[in-house]
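A.B. asks: Let me give you the structure first, and then I'll get to my questions.
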Amino acid sequence: MDGFGCGGLAVRADGDTDPTAEAVVWRVTAAGLETLDMYEGVGAGHYRRETWAVRTRAGETVEAAVYLAEPEFIEDGLLPARRYVEHLLAGAEQFLSEAYRAWLRTVRREEVGS
């Protein structure tokens, strides 16, 4: 194994048609999506952007851009860097549930190169 793991969405193989994930939905311009594509490595083939219909906490269904890792960049056993998990927790403190934050605090992380 080489590198660090990152959070991501995965399409479940069990046929679940109503998967659940906590996330924040932002309104983004086309230029903003291009910037996100660059940041997520779409051009390099690391991730692909898809548009999914998502249901908000208020029950509204909206279209959202999601980024999915390409299979050749998925490797079991990689741990996220400590600094990456801390970054996720900082955002979660403002926007996500206590249950999700409690789970995120339990994620094993790589201390070297953090």
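The values are calculated or read from the model by the stated rules, or taken from the named source; none is laboratory data. Just so you know, these numbers come straight off a predicted model, no measurement behind them. Don't worry about glycine lacking a Cβ; one is built from the backbone with ideal geometry, like all the others, and counts go over all protein chains shown.
A.B. asks: Return yes when residue 55 is within 19 Å of residue 22 (Cα to Cα) and assigned by TED's automatic domain parsing to the domain that holds residue 24 and no when it is not. Break it down stepwise before answering.
C.D. replies: On the way: within 19 Å of residue 22 (Cα to Cα): yes; assigned by TED's automatic domain parsing to the domain that holds residue 24: yes.
Considered against the rule, which asks whether it is within 19 Å of residue 22 (Cα to Cα) and assigned by TED's automatic domain parsing to the domain that holds residue 24, residue 55 comes out as yes.
A.B. asks: For segment 84-114, which positions are basic (Lys, Arg) and modelled with pLDDT of 90 or more?
C.D. replies: Hits for segment 84-114 are 101, 105.
A.B. asks: Would you confirm whether or not segment 26-48 contains a residue that is of a type in the set (Val, Ile, Thr), under 25 Å from residue 101 (Cα atoms) and either within 16 Å of the chain's Cα centre (by Cα) or in the same structural domain as residue 101 (by TED's automatic domain parsing) (or both)?
C.D. replies: No: zero hits.
A.B. asks: State which residue pairs qualify: first residue within 26 Å of residue 43 (Cβ to Cβ) and inside segment 70-84, second residue among the acidic types (Asp, Glu) and modelled with pLDDT under 90 in any location, beta carbons under 7 Å apart, and separation of 6 or more residues or different chains.
C.D. replies: Pairs found: 80/110; 81/110.
A.B. asks: Scan 72, 93, 98, 86 and give me the residue that is over 19 Å from residue 21 (Cβ atoms) and not assigned by TED's automatic domain parsing to the domain that holds residue 25.
C.D. replies: 86
A.B. asks: Okay, next question. Of all the residues that make up segment 55-86, how many are of a type outside the set (Gly, Ala, Ser) and loosely packed, with under 15 Cβ neighbours inside 10 Å?
C.D. replies: Count: 17.
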